[in-house]
Amino acid sequence: MNKAKIAVLVSGGGTNLQALIDAQSSGIIKSGEIVLVVSSNPSAYALERAAKAGIKSEVVSKKQLGGSQEEFEKGIITLLDDNGIDLIVLAGFMSILSESFTSRYPKRIINVHPSLIPSFCGSGFYGLKVHEAALSYGVKVTGATVHFVNEIPDGGEIIMQKAVNIRKDDTAETLQRRVMEQAEWRILPRAVEKVSKNLVK
Ligand code: GAR
């Protein structure tokens with residue numbers, strides 16, 4: 001069967017990348033194949049996860065490119081083109097991509113965000129900050145969202161969501177972990193399969 005060629009863009013620990021790798025082994029992802037991992041951070045642990053799984057990885061660091069967003073995006077686009085990528089998955093990728101980047105890949109970039117969009121999202125809401133904001137607001141339910149990426153940060157069409165209850169004794173760290181375990185690691189692989197299946201049909 002023809003499979004969608006997937007690139008996963010990461011910046012840190014890469015637990016969502018690991019969930020995708022595991023879902024590929026277990027057959028949850030069968031319409032796509034991760035052929036490339038691109039990290040914006042040369043010391044991301046996600047790079048080791050890619051290596052262990054035998055997946056090619058590359059680093060494109062904005063810092064090493066003199067801080068230019070244009071050069072950073074050009075570097076990523078070259079890798080995506082060279083590898084014939086069909087689907088781009090942002091899995092803990094901590095840079096916002098410009099409209100000139102996102103408009104090249106309509107409905108071909110997806111992102112996982114650790115809240116129920118439209119709460120606690122948009123620029124400035126990433127990683128632990130999202131969970132700190134949810135706790136300080138006092139919401140009782142949070143969760144994760146997988147969505148298409150367009151020119152509006154966290155504003156593209158929603159593909160899947162899953163809710164997670166907040167506990168009285170939660171800290172941002174315990175909540176982050178539970179949202180990952182109960183929501184992100186489950187819906188991201190399923191959303192990737194759903195979108196890949198549509199791309200290859
Ligand atoms: C995840 O919780 C992901 O949803 C979040 O960063 C964490 C990365 O963890 N992403 C964002 O906040 C993007 N706005 P990981 O590197 O272990 O997958």
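The values are calculated or read from the model by the stated rules, or taken from the named source; none is laboratory data. This structure is a prediction, so every number in the text was calculated from the model and none was measured. For neighbour counting, all protein chains shown are included, and Cβ atoms are generated from backbone atoms with ideal geometry for every residue, glycine included.
Some observations on this one:
- Summed over the stretch 154-177, residues that are within 11 Å of the ligand (Cβ to nearest atom) and buried (at least 18 other Cβ atoms within 10 Å of the Cβ) total 3.
- For the stretch 19-45, a residue qualifies if it is within 11 Å of the ligand (Cβ to nearest atom), under 19 Å from A191 (Cβ atoms) and touching an Asp or Glu at 6+ places or on another chain (Cβ under 9 Å), and exactly one does: A19.
- Residue count for the stretch 4-13, restricted to those that are buried (at least 19 other Cβ atoms within 10 Å of the Cβ) and assigned to a loop (DSSP other than H, G, I, E, B): 2
- Candidate set: the stretch 135-146, residues that are part of a strand (DSSP E or B) and of a type outside the set (A, V, I, L, M, F, W, C); chosen: the one nearest to the ligand (Cβ to nearest atom): T145
- Every listed requirement among (1) closer than 20 Å to A4 by Cβ; (2) within 16 Å of the ligand (Cβ to nearest atom); (3) among the β-branched types (V, I, T) is met by I96 save one, (1).
- Cβ pairs under 6 Å, 6+ apart, first in the stretch 102-130 and within 10 Å of the ligand (Cβ to nearest atom), second in a strand (DSSP E or B) and among the hydrophobic types (A, V, I, L, M, F, W, C): N111/L90; V112/V146; P114/A144
- Residue that is farthest from K5 (Cα to Cα) [pool: residues in the stretch 178-197 that are more than 10 Å from the ligand (Cβ to nearest atom) and touching a helix residue (DSSP H, G or I) at 6+ places or on another chain (Cβ under 7 Å)]: P189
- With respect to the conditions (1) within 14 Å of the ligand (Cβ to nearest atom); (2) of a type outside the set (K, R); (3) assigned to a loop (DSSP other than H, G, I, E, B), N16 lacks only one, and its number is (3).
- Verdict on E48 being within 13 Å of the ligand (Cβ to nearest atom), at negative phi, in a helix (DSSP H, G or I) and of a type outside the set (G, A, S): yes
Matching residues to (1) in a loop (DSSP other than H, G, I, E, B); (2) buried (at least 16 other Cβ atoms within 10 Å of the Cβ):
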site	(1), (2)
A44	yes, yes
E58	no, yes
S95	yes, yes
F101	no, yes
R104	yes, no
I110	no, yes
C121	yes, yes
G124	yes, no
A133	no, yes
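- The set of residues in the stretch 154-176 being under 21 Å from S136 (Cα atoms), in a loop (DSSP other than H, G, I, E, B) and not acidic (D, E) consists of I166, R167, K168, T171.
- The single residue among N2, N83 that is at pLDDT below 95 and more than 23 Å from Y126 (Cα to Cα) turns out to be N2.
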